[in-house]
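Taking it in order: structure first as structure tokens, then the write-up.
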Amino acid sequence: MGRLVLLRHGESQWNLENRFTGWVDVPLSQRGMQEAKNAGDKLRGFTFDRAFTSVLVRANETLRIVLEAIGQTTIPIEKDKALNERMYGELQGLNKAETAKKYGDEQVKIWRRSFDVRPPGGESLKDTAERVLPYYARHIKPYVLKGETILIAAHGNSLRALVMELERLSREQVLELNIPTGAPLLYEFDQNGNVVSHRYL
Ligand SMILES: O=C(O)[C@@H](CO)OP(=O)(O)O
């Protein structure tokens, strides 16, 4: 039975400062490093065959800390920009609360959580899914079908795109989907690649 653990990176410096981040390559905060260590504690007992991550340092560092915590630093790791956070365009660097004051809470929620509305100059969740899902299908799913145990360390919105697919969520459901930092989410699959269970560890 294949197993897949999805892990959003620990708190980043800009999560802490409440700024739109997207493709800006900000590091983990002190707390984010601790969250990654805690995620490692929750993953003791898992033996991963391989791991996948984005090319952004907050996800790479989270993965490194987890693999160190569980003593599995020598597994194959594939890094790809297909797993990067959604590109946030002109919002990158702005404070989320100030942006909500300027444009209204409803507009900011649409930019942050809707399926197909693009933030100015950025990617919608749909755009993000159009790079995450083909990458998943080609590079990750074949290993899940072989019965491997896989870890993906990525980002709030690249993982929302994947969760939407794995759980077959509607556009309405994905509007309310938030993925917390540093919380490993386990999916188990049958031989046909259907999800049989999912839960936060
Ligand atoms: O700023 C970002 O890039 C993301 C993740 O932190 O934010 P949001 O919660 O709006 O998806």
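Students often forget the sequence filter, so: which lysines lie under 22 Å Cα-Cα from Lys37 once same-chain residues fewer than 8 apart are removed?
Correct list for Lys37: Lys79.
Return the calculated 222 nm mean residue ellipticity for the chain, to the nearest 500 deg cm²/dmol, obtained by summing -39500 (n - 2.57) across DSSP H runs with n ≥ 4 and dividing by the residue count.
-11000 deg cm²/dmol
State, as an integer percentage, the relative contact order of the stretch 1-44 based on alpha-carbon contacts under 8 Å between residues 6 or more apart.
Values: 30 pairs, mean separation 17.8, N = 44.
Once normalised by length, the contact order is 40 percent.
Under the definition of Cα pairs under 8 Å and six or more residues apart, what whole-number percent is the relative contact order of the chain? Intermediate values should be presented prior to the final figure.
On the way: 406 pairs, mean separation 67.8, N = 201.
Taking the mean separation of contacting Cα pairs over the length of the chain, I get 34 percent.
In debye, nearest 20: dipole of the chain around its Cα centre with unit charges on the Cβ of K, R (+) and D, E (-)?
Numbers: 29 positive and 26 negative charges, 9 e Å.
Here the chain has a charge dipole of around 40 debye.
Taking Cα pairs under 8 Å and at least six residues apart, what relative contact order does the stretch 111-201 come out at, in percent? Don't skip to the end; give the middle numbers.
Values: 92 pairs, mean separation 23.1, N = 91.
Rounded, it is 25 percent for the stretch 111-201.
Average projected area of the Cα convex hull of the chain, in nm²?
10.1 nm²
Using Cβ counts within 10 Å as a stand-in for footprinting exposure, how do Leu201, Leu186 rank, fewest first?
Taking fewest neighbouring Cβ atoms as first place, the list is Leu201, Leu186.
Setting aside same-chain residues fewer than 8 positions from Lys146, which aspartates and glutamates have a Cα under 20 Å from its Cα?
Asp49, Glu78, Glu165, Glu188, Asp190
Just to be sure I understand: of the beta bridges DSSP finds with both ends in the chain, what percent are antiparallel, rounded to 5?
45 percent
Using Cα positions and a limit of under 26 Å, work out the lysines in reach of Lys96, with same-chain residues fewer than 8 apart set aside.
The qualifying lysines are Lys81, Lys109, Lys126.
When the Karplus curve 6.51 cos²θ - 1.76 cosθ + 1.60 is applied with θ = phi - 60°, which whole-Hz ³J(HN,Hα) does each residue of the stretch 152-165 get, with x for Gly and Pro?
Once θ is set to phi - 60°, the couplings for the stretch 152-165 become 10, 9, 9, 10, x, 8, 5, 6, 4, 4, 6, 4, 4, 6 Hz.
How large is ³J(HN,Hα) for each residue in the stretch 100-107, as worked out from phi by the Karplus curve 6.51 cos²θ - 1.76 cosθ + 1.60 (θ = phi - 60°), to whole Hz, x for Gly and Pro?
With coefficients 6.51, -1.76 and 1.60, one gets 5, 5, 6, 10, x, 4, 5, 4 Hz.
Can you sort Ser114, Ser12 from fewest to most other Cβ atoms within 10 Å of each residue's own Cβ? Don't skip to the end; give the middle numbers.
Details: Ser114 16, Ser12 27.
In increasing order of surrounding Cβ atoms, one gets Ser114, Ser12.
Karplus couplings for the stretch 61-68 from phi (6.51 cos²θ - 1.76 cosθ + 1.60, θ = phi - 60°), rounded to Hz, Gly and Pro as x?
5, 4, 4, 4, 5, 4, 5, 5
Throughout, read-outs are computed from the coordinates displayed, never taken from laboratory work. Computed from a prediction, not measured in an experiment: that's the story for all the values here. Every residue, glycine as well, gets a Cβ built from its backbone with ideal geometry; the counts of neighbours run over all protein chains shown.
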